[in-house]
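Everything below concerns the one structure shown next.
The values are calculated or read from the model by the stated rules, or taken from the named source; none is laboratory data. Predicted model, so just to flag it, every value in this text is computed and none were measured. Here the Cβ positions follow ideal geometry from the backbone for every residue, glycine too, while neighbour counts run over all protein chains shown.
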Amino acid sequence: MWVKILLLFFVFSFLFKTDNSFDQDLGRHIKLGEIIWQTKQVPATNLFSYTNPDFPFVNTHWLFEIFVFLGQQTIELEALLVLKVIILLASVFLILKIVPKENRALLLPIGFIFLHVLRERTELRPEIFSFLFTAVTYYILNDFLVRAKSRTYLNTIYLLPIIQLLWINTHIYFFVGLVLQAIFLLHLGYQKLRFHPKGGNTKLMGIIFCLSVMASLINPAGLAGLLYPLNVTQNYGYTIVENQTMFLLESINFRDPNFLFVKISSLLIALSIIVVCLSSLRRQGSNYQNSAMDSRRSLPRATTRGGNDKGDGNCLKNILISLFGLTLALMNVRSFPYLVFLSLPAVLQNSGSIKSSFIKILVFIFGILLILESYLYLNGEYYKSRDDGNKPGLVVTESGKAALDFVLENNLPSTIYNNFDIGSYIIYRGYPKYQVFVDGRPEAYPKEFFQQVYVPAQSGYPRFKELESKYGFKTIIFSITDQTPWGKAFLVSVVKDSDWKTVYLDDFIIVLVKSDVLALQGRTLQALDLSKLDPNTYSFKSYLSYLRLSLFLLQTGNTQSAEKFAKVGLSLSPKSPLGNALFGTNISSKFFW
C-alpha cells in the first residue's frame, strides 16, 4: 500500500501547479458551454469566426463544456482545478489497483518511470475525463475476469455502455473504451476456443460491447460522431504540436523532457513482450516434451494440459493492451498519458512474480528519487531550473487577460485580425461583440483556409494587405509568443507598417489599430514607440516576462529597448537558463552591436 501512496504523492506533486488552460482552449470551452446551456442545443457549425461561420463542426466534448461553464458559475475555476487533481489521482489509483499483488515487485520503479509522461497533459481539458473513463473501463473489465475465475460476479460490467455514452459526448478519445472492450472480448473468445469453458462470459462481454457501440451512436452527430476519430485529421490544414510525433518534433529541435521517459517506457514495453514470448516458447517446449513422455507411458494427453496455456492467453491480452498504449503515445504527443493508463498495468501483469534482494535495493533507490523529485516540484525549484513559468499552487492563469481588458475598455473596433494561438481566448472574452479570424480548432476550418489564406498572409506581407482590403481589418490582436516562422515574419512586418500603430504590448500579446482609428481615439489611445520602450513602465511578476518581451523586441529590430528588458530579466534571475542562452553575460557586445 505504501508504494501506491508514494506514486500518488508523486503525481500530486506535479499536478499541484499553476494551470495554463486559458492559453489553450479553456476559454472557448466555457463560452460554448454557456451557449449550449442557454440554447439547449449543441452548435453544429463554427459560429465564432467571421471567415468560416457556416463550416460544419462536430463537437465531441460538449458535456465537458457544460461542466466547466457551470463550474465557473458556481464553485469557480480554482475549485475546478481541485476536481481536476482528484479526477487524475483517482484515475491513477484505479490503474495501480489493477496490478495483482503478485506482480507488484517492480511497481515503484516502473511506475515512477511511466508516470513522468503524465506531466505532458495536466491542464483542465476534456481529456481528463478520457483518462478517468479509460481507468474505470480497464478496472471494470479486469475485475470482470478476476471474478469470473472465482465465480463471483459483480454487475459493474453493465456500467460500460453508460460510461461509453458519457465518454463519446465528453472527449474524442472515446474509441479507447471500445478498443479495450474488443481486446477483452478477443481474450475471452480465445480462452473459449482453446480451452472450451462455458461461453457465458464471452456472450455477456459480446452483448456489453454491442451495447457500448450502440450507446456511442447517441451523440449530436450520430454515426458521424462515432466515426469522427477516423477522419478528424483529414481536414487538418494546420500543424499543432500536440498532434505531432515526438520524433518529428525532435527533428526540428523541439525539446521536451517527457520524450526521454516515453523512450524508456517504450523500451520497457518491448522488453516485457520479449520476455513473455521467450517464456511462452519455453513452456511450449516443456509441454511438448512432457506430451512425448506421456505418450510413451501411455498416459492420456489431456493430463498434460495445465494452467500455463491459460496464462499465455492473459499474456496475449496484456501484450495487446500495452502495444495499444504505446501506439497511441508514438502517434502524437497528446497521447503520452496512455502509456500510464493502458501500458503500465499490462506490463506489470506480464512481469510475473519476482523475488530478489536486488529488487528491494532498486525499490529503495527509486523511492528516494521519487521523494526528491516531488520535493523539487512542490518547492518550485524544478520550474525555475527550466524557465517554464509555472509555480506550485492550484491557480488559473490568464495570459491574455490584460490585453483583452485593454481592448474591451477602449472599445476597439472590428474587424479584428488575430493568430491561431489567441483566438480561443478572444472568443471567451469578446464573443459575440468580436468574431475571430481564426481560433485553435484546425478541424473547425477548411484545410484550404490555412493552406491558402492563413499561412500565406503571414508568410508574405503583401498577401496580408490584400486580406486587409477584403475584410477591412481595424484591430490586430496577436500573441508575440507565436513560434511559427510565418507568425514571426508577420510581426516583423506589421510593426514597421505605418498604416498600423501599436497601442498595447505585454509579454504575451501585441495590439495594433489602424492609423485612422488612432486619429479618432487619440485622446484615449496612444501609440507606443517600440524603439524607446521602457521596462520601468511594466511591473511583471516574473523575470520570464521581461525576457520574452526582450526577445520580441530583438526579433523586430528594436535592439536598444530589447537590451533594457534583457538586463532587467537577468538582474531578477542571473542564473536563468533562457536568459543566459539568449543573451549571455555580455549582452551589449554579443548581441546588440
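A few points about this structure:
- When Val396, Val333 are screened for being crowded, with 17+ Cβ neighbours inside 10 Å, among the aliphatic types (A, V, I, L, M) and more than 28 Å from Leu107 (Cβ to Cβ), only Val396 passes.
Conditions tested, residue by residue: (1) touching a helix residue (DSSP H, G or I) at 6+ places or on another chain (Cβ under 9 Å); (2) assigned to a loop (DSSP other than H, G, I, E, B).
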residue: Tyr375; (1), (2): yes, no
residue: Ala402; (1), (2): no, no
residue: Pro413; (1), (2): yes, yes
residue: Tyr425; (1), (2): yes, no
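- When Ala566, Ala527 are screened for being assigned to a loop (DSSP other than H, G, I, E, B), touching a helix residue (DSSP H, G or I) at 6+ places or on another chain (Cβ under 7 Å) and either at pLDDT 85 or above or outside the structural domain of Val407 (by TED's automatic domain parsing) (or both), only Ala527 passes.
- Residues that are of a type in the set (D, E, K, R) and more than 25 Å from Ser576 (Cα to Cα), drawn from segment 356-411: Lys360, Lys401, Asp405, Glu409
- Scanning segment 460-476 finds one or more residues that are of a type in the set (Gly, Ala, Ser) and either within 21 Å of the chain's Cα centre (by Cα) or part of a helix (DSSP H, G or I) (or both).
- Residue pairs meeting the criteria (Cβ under 6 Å; at least 6 apart or on separate chains; first closer than 17 Å to Val453 by Cα, in segment 464-483; second surrounded by fewer than 20 Cβ atoms within 10 Å (Cβ to Cβ)): Tyr471/Thr415; Gly472/Thr415; Phe473/Thr415
- Any hit, segment 278-286, residues being out of contact with any Pro (no Cβ under 8 Å at 6 or more places or on another chain), more than 30 Å from Thr327 (Cβ to Cβ), modelled with pLDDT under 90 and assigned to a helix (DSSP H, G or I): yes
- Tallying residues that are more than 24 Å from Val179 (Cα to Cα), of a type in the set (Gly, Ala, Ser) and surrounded by 17 or more Cβ atoms within 10 Å (Cβ to Cβ) within segment 216-260 yields 1.
- When the residues of segment 419-438 are filtered to those that are crowded, with 22+ Cβ neighbours inside 10 Å and polar (S, T, N, Q), the one that is farthest from Arg125 (Cα to Cα) is Asn419.
- Flag if Val232 is at pLDDT below 90 and closer than 19 Å to Asn169 by Cβ: yes
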